[in-house]
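Remarks on the structure that follows.
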Amino acid sequence: MLQLPPFCRGLSEVNFTYDARKLRKRVKVPGQHTQHFCHGMKSIIRKKYSTAVSEFEYVQHHSTKRHSLIPATSLYKAEALGKLGKVNPALDEYNKAIQLKKKYPQAYSRLASYYVKLNRKSNAIETVKLGLKYLPNSKMLKKKLKRLQSKK
C-alpha cells in the first residue's frame with residue numbers, strides 16, 4: 001500500500017484502508033482512467049506483470065495525450081514488459097516515456113538500468129547523457145553517470 005502513489009491510496013475505499021474516505025477527499029486524481037493505472041501499479045507490486053501491462057494499455061488506449069499519467073504509464077509498462085522478458089517492447093516503452101516527457105529523470109535512469117541489465121553499458125551511458133542534456137541539474141542522473149563511468 002505504501003508503495004503506491006498517494007492518488008492510488010485514496011482512490012478506492014473498498015480496496016484499501018479504513019481511512020481511505022478521508023484520504024480520498026485530500027487527493028487530486030490526475031486524470032482519466034486513473035484507477036487502471038493504480039491497478040497496474042498494484043499488479044507490479046504483486047508481480048503480476050501481464051496484468052500490469054493490460055492495465056497500462058487500457059490507460060494508453062482510453063486516455064488523451066494530455067493525461068498527466070501517460071508518460072508514467074509508458075514507464076511502468078516498460079518495467080512490466082522487462083520483467084516478462086520482452087526486451088524490444090520494453091525498450092520501445094521506455095523510449096516512448098522519454099519522448100512524451102523529455103524532462104523525466106526517472107525514465108532516463110530506469111532505461112539506463114535496464115540497459116545495464118542487458119549488458120549494454122554504452123547504451124546506458126548514452127541514455128544518461130541524453131537525460132542530462134534536458135536536465136543538466138539532475139542529481140539523480142549525475143550520480144548515475146558517475147557510477148556507470150566508474151564501473152569496469
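The values are calculated or read from the model by the stated rules, or taken from the named source; none is laboratory data. Only a predicted model underlies this, so the values are computations on that prediction, with no experimental measurement involved. Here the Cβ is made from the backbone with ideal geometry for all residues, glycine too, and neighbour counts use every protein chain on show. Just so you know, the surface numbers come from the protein's heavy atoms only, side chains and all, with ligands and any DNA or RNA stripped out. Shrake-Rupley method; radii C 1.70, N 1.55, O 1.52, S 1.80 Å.
Have a look at K101, K77, K117 and point out the one that is without any contact (Cβ under 8 Å) to a residue 60 or more places away in the chain, among the basic types (K, R) and out of contact with any helix residue (DSSP H, G or I) (no Cβ under 7 Å at 6 or more places or on another chain).
Working: K101 fails: out of contact with any helix residue (DSSP H, G or I) (no Cβ under 7 Å at 6 or more places or on another chain); K77 fails: out of contact with any helix residue (DSSP H, G or I) (no Cβ under 7 Å at 6 or more places or on another chain).
So the residue among K101, K77, K117 that is without any contact (Cβ under 8 Å) to a residue 60 or more places away in the chain, among the basic types (K, R) and out of contact with any helix residue (DSSP H, G or I) (no Cβ under 7 Å at 6 or more places or on another chain) is K117.
Restricting the first residue to region 31-52 and requiring it to be free of Cβ contacts under 8 Å to residues at least 24 places away in the same chain and in a helix (DSSP H, G or I), which pairs with a second residue that is of a type in the set (S, T, N, Q) and surrounded by fewer than 20 Cβ atoms within 10 Å (Cβ to Cβ) meet a Cβ separation below 8 Å and a spacing of at least six or different chains?
From region 31-52, the pairs are H39/T51.
Restricting to region 133-152, count the residues that are in a helix (DSSP H, G or I) and open to solvent by 30 Å² or more (accessible area, probe 1.4 Å).
Summing the residues that are in a helix (DSSP H, G or I) and open to solvent by 30 Å² or more (accessible area, probe 1.4 Å) in region 133-152 gives 10.
Specify the residue that is farthest from Q60 (Cα to Cα); the eligible residues are those in region 87-132 that are part of a loop (DSSP other than H, G, I, E, B) and touching a Pro at 6+ places or on another chain (Cβ under 8 Å).
Once the filter is applied, the top-ranked residue is Y104.
Quick check on my filter: what residues within region 72-91 are buried (at least 19 other Cβ atoms within 10 Å of the Cβ) and more than 12 Å from Y114 (Cα to Cα)?
Matches in region 72-91: A72, T73, S74, Y76, K77.
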